[in-house]
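In what follows, a single structure is set out as structure tokens and then discussed.
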Amino acid sequence: MTVHLSAVGLEKSYRKGRTGVPVLHGVDLQVERGELVAVIGQSGSGKSTLLHLLGLLDTPDTGEVWLDGDRIDNLRERKRDDLRNRTFGFIFQFYHLLPELSALENVMLPHMIRLKAWSYLKQRKAIRSRATELLERVGLGHRLTHKPNELSGGEMQRTAIARALAGGPEILLADEPTGNLDSGSGQGVLELLRDLNRERGLTMMMVTHDQTIAQQADRIVRLAEGRIDEWAAAIA
Ligand code: ADP
Ligand code: MG
């Protein structure tokens, strides 16, 4: 087994007026390549904060993030952008789809944003067919032209998963991906993530409130009082 992603002594506080509100107090965590880790913990315990630090959406006050044996939290902004766009894929509780765009366009969007206009135009056909394949893979081949408000919650999350896969990530970071779904659609989304984890060897970290969902991960870690609770890791 090789360590894919790790946190070393992560600390993070947010400012509230003049005082800092401490959230993470030294989080140490190692995630193996291909592992699916569930992160649990009470509301406000810092689960989203941890995911943001690991995926370079935010920077720690102290501590380090390592990817494949290289420290990544202190890289230049351009390199960090690159990792965010290519190495990491993000999935959120409320999908974050653009309402004006079809499912297909939402999945194509990361490429539209990243490429210069002329190279996007040159590659548009390939990008469109790749986005179509991804939507087919998540079971939405029949919903390509639907807008988000014409999709169910489960279908919106599947679209967001296809979008997260568009950059060919190695690591998916999912923040309560089933949090807004009924248990049937939530289970379907979890099974899709699990299948993608197995078939593509994707490393995944998934925040969840749902015990039934968490128990299907390879390992459960719990955030409590700003640290990882290894006891929770042991029972998983
Ligand atoms: P969780 O995802 O476990 O519910 P979060 O990581 O979102 O917890 O938040 C942890 C704590 O940090 C909470 O008390 C929250 O209010 C606070 N917090 C989160 N983001 C910010 C922010 N941008 N500014 C100030 N406080 C924040
Ligand atoms: Mg959260």
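So, with +1 on the Cβ of K and R and -1 on the Cβ of D and E, and no other charges, what is the size of the charge dipole of the stretch 45-134 about its Cα centre, to the nearest 20 debye?
580
Could you grab the relative contact order for the chain? Cα pairs under 8 Å, six or more apart, rounded to a whole percent.
Relative CO of the chain lands at 29 percent.
Ignoring the sites themselves, what is the longest stretch of the chain with no trypsin sites (Lys or Arg not before Pro) in a DSSP loop and at most 14 other beta-carbon atoms within 10 Å?
Longest run free of exposed loop sites: 117-236.
Take V21, V37, V107 and order them by how many other Cβ atoms sit within 10 Å, fewest up front.
Listing V21, V37, V107 from fewest to most nearby Cβ atoms yields V21, V37, V107.
Rounded to the nearest 500, what is the 222 nm mean residue ellipticity of the chain from helices alone, with -39500 (n - 2.57) per DSSP H run of 4+ residues and division by all residues?
After summing the helix terms and dividing by residue count, I get -11500 deg cm²/dmol.
When the Karplus curve 6.51 cos²θ - 1.76 cosθ + 1.60 is applied with θ = phi - 60°, which whole-Hz ³J(HN,Hα) does each residue of the stretch 196-205 get, with x for Gly and Pro?
After applying 6.51 cos²θ - 1.76 cosθ + 1.60, I find 5, 4, 6, 6, 10, x, 5, 7, 9, 10 Hz.
Using Cα springs under 10 Å in a Gaussian network model of the chain, which residue among A38, A126, A164 shows the largest mean-square fluctuation?
Result: A126 has the largest fluctuation of those listed.
Kirkwood Rh, the stretch 1-68, all Cα pairs: how many Å?
About 12.6 Å for the stretch 1-68.
About the Cα centre, and with charges only on the beta carbon of Lys, Arg (+1) and Asp, Glu (-1), how big is the dipole of the chain? Nearest 20 debye, please.
1040
Just want the answer: with Cβ charges of +1 for Lys and Arg and -1 for Asp and Glu, which residue in A7, L115, A103 is farthest toward the dipole's positive end in the chain?
Most positive-ward Cα: L115.
May I ask for the distance between the Cα centers of the stretch 63-136 and the stretch 4-58, given as a whole number of Å?
Cα centroid to Cα centroid, the span is 22 Å.
Taking the Cβ of V65 as the center, what net charge do the other residues with Cβ under 14 Å away carry, scoring Lys and Arg +1 and Asp and Glu -1?
Computed value for this residue: -3.
Which whole number in µm²/s is D for the stretch 129-236 by Stokes-Einstein, with the Kirkwood Rh taken over Cα pairs at 37 °C and 0.692 mPa s?
Diffusion coefficient, whole number: 221 µm²/s.
Evaluate the Debye formula for the stretch 1-146 with equal point scatterers sitting on the alpha carbons, no solvent, and hand back log10 of I(q)/I(0) at q = 0.09, 0.16, 0.20, 0.22 Å⁻¹, in q order, two decimals.
So the normalised log intensities work out to -0.39, -1.03, -1.23, -1.32.
Going from the alpha-carbon gyration tensor of the stretch 136-183, what semi-axes, largest first and in whole Å, does one get by taking the root of 5 times each eigenvalue?
Calculated on Cα positions only, the semi-axes equal 18, 16, 8 Å.
None of the figures in this text is laboratory data; all of them are computed from the coordinates on show. Note that this is a predicted model, so its numbers are computed, not measured. Backbone-built Cβ (ideal geometry, glycine too); neighbour counts: all protein chains shown.
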